[in-house]
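Below: one structure, written as structure tokens.
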Amino acid sequence: MPSAAFNPDTDIPDLSGKVILITGGTAGLGAQTARQLAKHGPAHIYISGRNASGADTLISQIQENTTTTTTKATLVTFLPCDLADLTSVQQAASTFLAQESHLDVLMCNAGIMARPPGLTTDGYEIQFGTNHLGHALLIQKLLPRLQATAAEGHNVRVILLTSLRFKMHPPGGIAFDALRTTQEYPAFAGWIRYGQSKLANLLYARELARRYPELTSISLTPGVVNTGLVGNLGCWNRAFVWVSNLGQVMKPAEGAYHQLWAAKTATAHLTNGGFYEPVGVLSSKLDSAAQHQELATRLWDWTDEALRPFL
């Protein structure tokens with residue numbers, strides 16, 4: 001179990017002065033991550049998402065809990081952001097940049113899984129557009145602030161959540177010619193589209209590390225966690241998750257351990273660009289697509305072109 005390898009109460013150091021942004025921070029793993037990090041006194045935590053009422057509830061809970069656990073007041077702010085709408089992502093980044101002079105941890109936690117066919121506001125396959133493209137735009141918009149923070153001597157982290165389901169990607173890894181379609185497949189279509197988006201998260205983290213080595217950029221899987229991501233699936237897909245992961249499904253509090261570890265473990269314990277399994281295990285479970293440098297380069301270039309109107 002994750003608790004045997006990592007205890008967030010004792011293994012997270014003092015976070016005084018740190019600024020942290022968590023996407024999808026209003027519920028599930030993101031909310032659990034914000035709760036735990038707030039106990040250690042960071043200066044400011046931003047939680048992005050679409051659920052303002054959920055954010056208000058979480059912020060109230062954090063304020064109440066931290067009043068009794070720490071003397072350092074952590075400011076928690078909701079940052080409205082719909083990753084399936086690149087204009088919304090652009091606006092969220094602008095709001096953050098207008099308020100903060102540095103950024104220590106960018107945790108790309110939000111995501112959707114095994115969704116029915118659909119397109120984003122900008123016309124991209126819904127899972128790829130949300131899980132990869134929205135996060136890529138946020139990273140690119142905040143990149144100068146991340147670099148400036150690193151230049152001040154801070155250990156800056158960019159963490160992208162992926163999944164071992166990345167192996168369910170379509171042939172070749174990413175179907176570039178079909179990314180502006182709903183990408184229909186005869187079987188397991190939702191999982192194939194999901195796998196493609198999660199492969200993109202893994203590749204983008206590695207390429208970010210290669211191009212910007214002054215930042216520590218990694219991808220990780222939290223494991224299989226019983227959050228709304230699973231609970232909101234249709235009956236068949238939910239059964240698929242439970243049956244294929246018997247005895248391995250964790251509660252959200254445990255599921256957040258891995259990204260908490262990644263946020264503040266010593267840099268010496270991390271391989272920049274690496275893909276990690278819980279907790280803190282550098283994974284060797286990479287298929288040929290996940291190790292393909294030409295595919296990573298093509299994804300980066302394709303993403304740059306797609307995001308050009310928003311940068």
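The values are calculated or read from the model by the stated rules, or taken from the named source; none is laboratory data. What you are looking at is a predicted structure, and each value in this text was computed from that prediction instead of being measured. Positions of Cβ are generated from backbone atoms using ideal geometry, with glycine treated the same way; all protein chains shown enter the neighbour counts. Each accessible area value is taken on the protein alone, full model and side chains, heavy atoms only, with ligands, DNA and RNA left out. Shrake-Rupley method; radii C 1.70, N 1.55, O 1.52, S 1.80 Å.
Miscellaneous remarks
- Single residue of T77, T66 found to be over 30 Å from G195 (Cα atoms) and assigned to a strand (DSSP E or B): T77
- Any hit, the range 39-46, residues being β-branched (V, I, T) and more than 17 Å from the chain's Cα centre (by Cα): no
- Helices (runs of 4 or more DSSP H) enclosed by the range 211-311 - at least 1 residues per element that are open to solvent by 40 Å² or more (accessible area, probe 1.4 Å) and at pLDDT 95 or above: 293-307
- Residue check for Q32: in contact (Cβ under 8 Å) with a residue 24 or more places away in the chain, assigned to a helix (DSSP H, G or I), of a type in the set (S, T, N, Q) and surrounded by fewer than 23 Cβ atoms within 10 Å (Cβ to Cβ): no
- Leading residue by the ranking (surrounded by the fewest Cβ atoms within 10 Å (Cβ to Cβ)) among those in the range 134-184 that are basic (K, R) and under 24 Å from P116 (Cβ atoms): K167
- The numbered conditions (1) modelled with pLDDT under 95; (2) of a type in the set (S, T, N, Q); (3) closer than 22 Å to H135 by Cα are all true for Q63 except (3).
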